[in-house]
Amino acid sequence: MDLDIRRAILANIKDNNEEQLQATITDSIDGREVLLPGLGVLFELIWKNASDQEKHEMVDTLAKGVQTQG
């Protein structure tokens, strides 16, 4: 079976408004681990559409978050 996870996730959210997208992110972070792969796809979209400066800011924020978790 050839399952394209990206395509399935994008198809599921393509008509979502900003509120629905935020709810998907919040649900994924707050414990619905089944939704975690979707966060990867959403992050991929963000990354591909971000400027170099925005990418730098995201990586900086991520690095700071990783340091506080340890």
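None of the figures in this text is laboratory data; all of them are computed from the coordinates on show. Bear in mind the structure is a predicted one, so any value in this text is a computation, not a measurement.
Could you work out how much longer the chain between Gln69 and Asp30 gets when fully extended? Use 0.36 nm per residue separation minus the Cα distance between them, nm to one decimal. Before the final figure, lay out the partial values.
Working: separation 39, 0.36 × 39 = 14.04 nm, distance 1.61 nm.
12.4 nm is the gain from fully extending Gln69 to Asp30.
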Extension gain (nm, one decimal) between Met58 and Ala11, 0.36 nm per residue minus Cα-Cα: 14.4 nm
Here are several values of Cα extents along the principal axes in Å: [x] 37, 30, 28; [y] 30, 24, 18; [z] 30, 27, 26. Which one was derived from the coordinates shown? [x]
